[in-house]
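Novice: Sharing a structure with you now.
Nothing in this text is a laboratory measurement; each read-out follows from the coordinates by a stated rule. Every value quoted in this text rests on a predicted model; they were computed, and no experiment measured them. Don't worry about glycine lacking a Cβ; one is built from the backbone with ideal geometry, like all the others, and counts go over all protein chains shown.
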Amino acid sequence: MTNPIRTIILGATALVAALLLGGCSAAPDVRYGDTNAHQNLSTDFGSSDLQQVAEGMVDSLLTFPPVIEVTKVRRPILSVTRVKNKTLQHIDTESITDSIRAKLIKSGKFQFIDRTTDQEANEEFAAQQESGLVDPRKAVPGGMQAGAEYLLTSNLSEIRQQGGRVTDVYYKFTMNLKNLKSGILEWSDEKEIRKIKTRGLIGG
Amino acid sequence: MRLSVRIMGLLLLVAACGCGTSGIVGQGALKQEQDAEIPIYKRVVVNNTSLGRDIGVIDTRVAQAGDILQAGVTLESKTGSTLALQYKFVWIDAKGFEVNPDTGTWKPLTLYGRETRQLQGVAPNAAAIEFMLKIRRDQ
């Protein structure tokens with residue numbers, strides 16, 4: 001073997017080895033991702049589905065003519081209940097309602113009652129009223145909180161079908177706005193999402 | 001007060017050489033004075049030949065739901081095949097600031113061959129007076 005050929009072979013071997021070693025580097029590939037990007041990694045209910053559902057529901061509620069009429073003159077007080085998860089997946093449904101509530105508050109059209117922090121509020125009331133540390137003239141009086149006028153309720157359901165290599169999952173998120181005084185459903189809407197996964201011929 | 005709603009349209013196609021870029025950007029605004037209607041072909045600037053070949057914007061319009069801005073952009077597919085795209089609306093206030101920046105979601109859009117579809121968006125609050133619609137290929 002001549003010298004130039006040996007040099008080329010050695011050089012190519014060194015390059016391949018460097019690439020392989022670089023690829024097997026101990027440092028993991030960690031980077032920030034776009035929180036608003038649409039990612040389809042599986043047919044499971046994901047972050048972009050949550051964002052789509054929240055945005056769709058808020059858009060629908062803000063543009064519903066009777067709601068526009070009511071919110072023209074005042075900010076109605078709402079309470080939101082936890083989503084009834086009728087899917088077979090474990091989904092943090094509270095984050096769906098949290099997103100919807102945050103968007104509605106930021107719209108400037110609604111006010112919300114938050115019952116999830118009542119225990120902490122009661123502890124604070126007790127500290128103000130009973131600990132003797134707070135000036136009674138500056139303590140917040142109890143029994144003055146506002147009550148919700150409307151209740152936001154919601155369901156999330158799925159229909160899953162599988163045939164051969166194809167998995168088809170249909171999600172339906174339904175939300176209702178109930179007038180607590182009259183019991184009338186003032187608004188209702190659905191958001192549908194369909195995700196289809198086709199498995200590769202080899203592997204999963 | 002009923003505002004006379006006109007579209008101040010300016011549609012730009014920005015270069016989208018990679019999948020992480022925003023493909024088409026369409027803009028509209030709510031104005032109180034009357035604008036001369038600008039033909040859409042003059043409001044469309046095509047810089048991205050690939051995406052521009054496949055889809056076109058044929059109409060943009062704005063309206064108000066109460067004091068909240070609503071936008072509609074009509075897209076048409078110029079190709080016979082199905083396109084997998086993503087879009088999001090961006091809202092701008094009177095001072096030129098983006099309303100609730102970094103909260104708009106990229107939504108999936110399947111545009112079938114030769115299909116015409118109107119995309120609609122609702123501003124997050126009453127501060128928005130202009131919108132932009134961004135469209136890109138699905139990643």
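Novice: Using only the alpha-carbon atoms, how far is helix A:118-130 inclined from the longest principal axis of chain A? Give it as 0 to 90 degrees, nearest 10.
Specialist: Helix A:118-130 and the main axis of chain A meet at about 50 degrees.
Novice: Still on this structure: Which values, in whole Å and largest first, are the semi-axes of the equivalent ellipsoid of chain A obtained as the square root of 5 times each eigenvalue of the Cα gyration tensor?
Specialist: Gyration-tensor ellipsoid for chain A: 53, 28, 16 Å.
Novice: Give me Rg over Rh for segment A:44-162, both radii from the alpha carbons and Rh done the Kirkwood way, two decimal places.
Specialist: In segment A:44-162, Rg relative to Rh is 1.09.
Novice: Starting from a Cα-only point model with no solvent, please compute log10 I(q)/I(0) by Debye for segment A:117-204 at q = 0.19 1/Å.
Specialist: -0.92
Novice: Top mean-square fluctuation among A:Leu50, A:Leu133, A:Leu61, Gaussian network model of chain A, C-alpha springs under 10 Å?
Specialist: The residue with the greatest mean-square fluctuation here is A:Leu133.
Novice: Sticking with this one: Relative to the longest principal Cα axis of chain A, at what angle does helix A:3-23 sit, 0 to 90 degrees, rounded to 10?
Specialist: Once rounded, the angle reads 20 degrees.
Novice: Once the other residues with Cβ under 13 Å from the Cβ of A:Leu88 are scored (Lys, Arg +1; Asp, Glu -1), what is the net sum?
Specialist: Combined, the nearby Lys, Arg, Asp and Glu give 0.
Novice: If you don't mind, there's one more thing I want to ask. How do A:Leu104, A:Leu151 line up, fewest other C-beta atoms within 10 Å first?
Specialist: Ranked by crowding around the Cβ, least crowded first: A:Leu151, A:Leu104.
Novice: Please report the orientation-averaged projected area of segment A:77-136, defined via the convex hull of its C-alpha atoms, in nm².
Specialist: On the way: hull surface 24.8 nm².
Quarter of the Cα hull surface area: 6.2 nm².
Novice: Also, quick follow-up: Between A:Pro65, A:Pro28, A:Pro76, find the one with the highest GNM mean-square fluctuation for chain A; connect C-alpha pairs within less than 10 Å.
Specialist: A:Pro28
Novice: Please state the charge dipole magnitude for chain A, taken about the Cα centre, from unit charges on C-beta atoms (+1 on K and R, -1 on D and E), reported in debye and rounded to the nearest 20.
Specialist: Values: 25 positive and 24 negative charges, 129 e Å.
With Lys and Arg at +1 and Asp and Glu at -1, about 620 debye.
Novice: In percent, what relative contact order does chain A have, based on Cα pairs under 8 Å that are 6 or more apart in sequence?
Specialist: Taking the mean separation of contacting Cα pairs over the length of chain A, I get 19 percent.
Novice: If each residue's Cβ is checked for other Cβ atoms within 10 Å, how do A:Ile105, A:Ile100 rank with the fewest at the top?
Specialist: The fewest-first ordering by Cβ neighbours comes to A:Ile105, A:Ile100.
Novice: Further, regarding this structure: So for B:Leu69, B:Leu85, fewest C-beta neighbours within 10 Å to most, what's the order?
Specialist: Least crowded to most crowded, the residues run B:Leu85, B:Leu69.
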